[in-house]
Amino acid sequence: MTPDASSKKEKLFGLVVVSFGLLCVLQATVNISLRLALYSPGAKTPDFEAIIKNLTEEREDLKRKLSSWSNNSQQGWVYFSNSFCYISSIVKSWQKSRDDRQQRGADLMIINSKEEQEFGSQYKRNTWIGLTDRETEGIWKWVDGTALGTSYWYTGEPNNNNNDEDCGVLWGFGKENNWNDVPCSIQINWICEKVGPP
(Lines give C-alpha, C1' and ligand atoms only; values in the text may rest on other atoms or scores of the structure.)
Protein backbone atom coordinates (compact mmCIF):
# COMPACT_ATOMS: atom_id res chain seq x y z
CA MET A 1 0.00 0.00 0.00
CA THR A 2 1.39 3.44 -0.90
CA PRO A 3 0.66 6.79 0.75
CA ASP A 4 -2.60 8.36 -0.44
CA ALA A 5 -2.65 11.10 -3.04
CA SER A 6 -3.36 13.87 -0.54
CA SER A 7 -0.24 12.98 1.43
CA LYS A 8 1.87 13.15 -1.74
CA LYS A 9 0.31 16.49 -2.63
CA GLU A 10 1.05 17.85 0.85
CA LYS A 11 4.69 16.78 0.58
CA LEU A 12 5.01 18.26 -2.90
CA PHE A 13 3.38 21.46 -1.66
CA GLY A 14 5.93 21.54 1.17
CA LEU A 15 8.77 21.26 -1.35
CA VAL A 16 7.26 24.09 -3.40
CA VAL A 17 6.98 26.28 -0.30
CA VAL A 18 10.59 25.56 0.70
CA SER A 19 11.81 26.30 -2.83
CA PHE A 20 9.84 29.53 -2.93
CA GLY A 21 11.28 30.48 0.46
CA LEU A 22 14.81 29.85 -0.84
CA LEU A 23 14.11 32.03 -3.86
CA CYS A 24 12.86 34.82 -1.55
CA VAL A 25 15.99 34.60 0.59
CA LEU A 26 18.16 34.68 -2.53
CA GLN A 27 16.27 37.71 -3.86
CA ALA A 28 16.62 39.56 -0.54
CA THR A 29 20.35 38.81 -0.47
CA VAL A 30 20.80 40.15 -3.99
CA ASN A 31 18.79 43.29 -3.17
CA ILE A 32 20.90 44.04 -0.10
CA SER A 33 24.13 43.38 -2.01
CA LEU A 34 23.07 45.69 -4.82
CA ARG A 35 22.14 48.50 -2.44
CA LEU A 36 25.45 48.18 -0.63
CA ALA A 37 27.34 48.17 -3.91
CA LEU A 38 25.46 51.14 -5.35
CA TYR A 39 25.55 53.37 -2.31
CA SER A 40 29.01 52.64 -0.96
CA PRO A 41 31.51 55.50 -1.45
CA GLY A 42 33.93 54.68 -4.27
CA ALA A 43 31.94 51.63 -5.35
CA LYS A 44 32.16 50.51 -8.93
CA THR A 45 28.99 50.23 -10.95
CA PRO A 46 27.84 46.61 -10.89
CA ASP A 47 27.38 44.61 -14.06
CA PHE A 48 23.58 44.29 -13.95
CA GLU A 49 23.43 42.01 -16.97
CA ALA A 50 25.78 39.51 -15.31
CA ILE A 51 23.76 39.66 -12.07
CA ILE A 52 20.49 39.07 -13.92
CA LYS A 53 22.01 36.19 -15.90
CA ASN A 54 23.31 34.60 -12.68
CA LEU A 55 19.91 34.92 -10.96
CA THR A 56 18.14 33.47 -13.99
CA GLU A 57 20.49 30.46 -14.03
CA GLU A 58 19.97 29.86 -10.31
CA ARG A 59 16.18 30.10 -10.72
CA GLU A 60 16.25 27.60 -13.61
CA ASP A 61 18.42 25.23 -11.54
CA LEU A 62 15.88 25.35 -8.68
CA LYS A 63 13.06 24.67 -11.14
CA ARG A 64 14.90 21.60 -12.52
CA LYS A 65 15.46 20.25 -9.01
CA LEU A 66 11.82 20.78 -8.05
CA SER A 67 10.70 19.08 -11.26
CA SER A 68 13.02 16.13 -10.52
CA TRP A 69 11.58 15.78 -7.02
CA SER A 70 8.04 15.91 -8.37
CA ASN A 71 8.72 13.28 -11.06
CA ASN A 72 10.42 10.92 -8.60
CA SER A 73 7.46 11.00 -6.22
CA GLN A 74 5.42 9.52 -9.07
CA GLN A 75 7.95 6.69 -9.55
CA GLY A 76 7.51 5.21 -6.07
CA TRP A 77 9.76 7.58 -4.15
CA VAL A 78 8.21 9.43 -1.21
CA TYR A 79 9.71 12.48 0.50
CA PHE A 80 10.02 12.03 4.27
CA SER A 81 12.14 13.82 6.87
CA ASN A 82 14.79 15.35 4.58
CA SER A 83 15.23 12.23 2.47
CA PHE A 84 13.45 10.25 -0.22
CA CYS A 85 12.19 6.77 0.60
CA TYR A 86 11.25 3.92 -1.72
CA ILE A 87 9.02 1.01 -0.82
CA SER A 88 9.45 -1.92 -3.21
CA SER A 89 6.59 -3.62 -4.96
CA ILE A 90 8.65 -6.76 -5.59
CA VAL A 91 10.44 -9.13 -3.21
CA LYS A 92 14.13 -9.99 -2.89
CA SER A 93 16.58 -11.26 -0.28
CA TRP A 94 18.15 -8.72 2.10
CA GLN A 95 21.45 -8.52 0.17
CA LYS A 96 19.79 -8.37 -3.27
CA SER A 97 17.45 -5.66 -2.00
CA ARG A 98 20.42 -3.69 -0.72
CA ASP A 99 22.42 -4.22 -3.93
CA ASP A 100 19.46 -3.02 -6.01
CA ARG A 101 19.17 0.20 -4.04
CA GLN A 102 22.91 0.88 -3.86
CA GLN A 103 23.02 0.78 -7.66
CA ARG A 104 20.55 3.67 -7.52
CA GLY A 105 22.50 5.66 -4.93
CA ALA A 106 20.31 4.68 -1.98
CA ASP A 107 20.48 2.10 0.81
CA LEU A 108 18.12 0.19 3.07
CA MET A 109 16.39 2.45 5.60
CA ILE A 110 18.02 3.30 8.93
CA ILE A 111 15.45 3.94 11.66
CA ASN A 112 16.65 6.39 14.31
CA SER A 113 13.39 7.91 15.55
CA LYS A 114 9.81 7.11 16.40
CA GLU A 115 8.69 9.13 13.37
CA GLU A 116 10.81 6.99 11.02
CA GLN A 117 9.47 3.85 12.71
CA GLU A 118 5.88 5.03 12.21
CA PHE A 119 6.61 6.00 8.61
CA GLY A 120 8.01 2.56 7.76
CA SER A 121 5.27 0.72 9.64
CA GLN A 122 2.41 2.47 7.89
CA TYR A 123 2.77 0.19 4.87
CA LYS A 124 1.79 -2.88 6.93
CA ARG A 125 3.94 -5.31 4.99
CA ASN A 126 7.11 -7.18 5.77
CA THR A 127 10.00 -4.98 4.61
CA TRP A 128 13.77 -5.22 4.93
CA ILE A 129 15.46 -2.40 6.80
CA GLY A 130 19.19 -1.68 6.92
CA LEU A 131 19.89 -3.65 10.10
CA THR A 132 22.02 -6.79 10.47
CA ASP A 133 24.19 -8.76 12.88
CA ARG A 134 25.87 -10.87 10.15
CA GLU A 135 29.30 -9.56 11.12
CA THR A 136 29.05 -10.51 14.82
CA GLU A 137 26.09 -12.43 16.22
CA GLY A 138 24.09 -10.29 18.64
CA ILE A 139 25.83 -7.02 17.67
CA TRP A 140 23.25 -5.25 15.51
CA LYS A 141 24.52 -2.56 13.17
CA TRP A 142 22.98 -0.36 10.53
CA VAL A 143 24.19 -0.48 6.93
CA ASP A 144 26.23 2.70 7.51
CA GLY A 145 28.22 0.88 10.22
CA THR A 146 26.64 2.62 13.23
CA ALA A 147 25.61 0.54 16.23
CA LEU A 148 21.95 0.05 16.96
CA GLY A 149 20.69 2.60 19.49
CA THR A 150 16.93 3.00 19.75
CA SER A 151 15.14 -0.18 18.72
CA TYR A 152 11.59 -1.36 18.10
CA TRP A 153 11.90 -5.14 18.46
CA TYR A 154 8.74 -7.22 18.70
CA THR A 155 8.35 -9.05 22.03
CA GLY A 156 10.91 -11.89 22.25
CA GLU A 157 12.97 -10.62 19.31
CA PRO A 158 15.69 -10.79 18.19
CA ASN A 159 15.97 -14.49 18.93
CA ASN A 160 18.24 -15.85 16.16
CA ASN A 161 15.93 -18.83 15.62
CA ASN A 162 17.85 -21.85 14.26
CA ASN A 163 21.04 -19.75 14.39
CA ASP A 164 20.02 -18.32 11.02
CA GLU A 165 18.37 -14.94 11.65
CA ASP A 166 20.81 -12.13 10.90
CA CYS A 167 18.79 -9.47 9.08
CA GLY A 168 16.26 -6.98 10.39
CA VAL A 169 12.78 -6.54 9.05
CA LEU A 170 9.73 -4.42 9.78
CA TRP A 171 7.28 -7.25 10.38
CA GLY A 172 3.84 -6.21 9.13
CA PHE A 173 2.12 -6.30 12.51
CA GLY A 174 1.21 -2.62 12.29
CA LYS A 175 2.33 -2.17 15.89
CA GLU A 176 4.91 0.25 17.21
CA ASN A 177 7.36 -2.54 18.13
CA ASN A 178 7.40 -4.70 15.04
CA TRP A 179 11.03 -5.52 14.24
CA ASN A 180 12.00 -9.13 13.78
CA ASP A 181 15.22 -10.94 12.92
CA VAL A 182 14.80 -13.38 10.06
CA PRO A 183 17.03 -15.33 7.66
CA CYS A 184 18.62 -12.90 5.19
CA SER A 185 17.72 -15.22 2.31
CA ILE A 186 13.94 -14.95 2.53
CA GLN A 187 12.22 -12.96 -0.21
CA ILE A 188 10.28 -9.91 1.01
CA ASN A 189 9.78 -6.25 0.13
CA TRP A 190 12.22 -3.57 1.26
CA ILE A 191 12.26 0.08 2.22
CA CYS A 192 15.21 2.30 1.40
CA GLU A 193 16.20 5.94 1.68
CA LYS A 194 18.34 8.50 -0.06
CA VAL A 195 19.23 12.03 0.97
CA GLY A 196 18.52 14.40 -1.92
CA PRO A 197 16.54 13.62 -5.04
CA PRO A 198 16.73 10.04 -6.30
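The values are calculated or read from the model by the stated rules, or taken from the named source; none is laboratory data. This structure is a prediction, so every number in the text was calculated from the model and none was measured. No Cβ is skipped: glycine too gets one built from the backbone with ideal geometry, and neighbour counts run over all protein chains shown. With ligands, DNA and RNA removed, areas are computed over all heavy atoms of the protein, side chains included. Shrake-Rupley method; radii C 1.70, N 1.55, O 1.52, S 1.80 Å.
Subtracting the Cα-Cα distance of Lys96 and Ile51 from 0.36 nm times their residue separation leaves 11.3 nm of extension gain. Note on Glu135 and Glu60: the model spin-label points, each 7 Å out from Cα along the C-beta direction, lie 4.6 nm apart. For Gln122 and Asn163, the FRET efficiency from 1/(1 + (r/R0)^6), where r spans their Cβ atoms and R0 equals 30 Å, is about 0.40.
In percent, rounded to a whole number, the relative contact order of the range 93-193 is 38, using alpha-carbon pairs under 8 Å and six or more apart. Taken per residue, the accessible surface of the range 80-135 reaches 46 Å², heavy atoms only and a 1.4 Å probe.
Solvent exposure of the range 145-198, expressed per residue, is 48 Å² of accessible area, with all protein chains present and a 1.4 angstrom probe. Rolling a 1.4 Å probe across all protein chains gives Ser33 an accessible area of roughly 60 Å². Selection among Tyr152, Trp171, Cys192 by position relative to the dipole of the range 151-198 gives Cys192 as farthest towards the positive end (Cβ unit charges, Cα centre).
For Trp140, the residues whose amide H sits under 5 Å from its own are Leu148, ignoring neighbours fewer than 5 places away on the same chain, with H placed 1.01 Å from N. Between Lys175 and Thr155, the simple label model (points 7 Å from Cα in the Cβ direction) yields a spacing of 0.6 nm.
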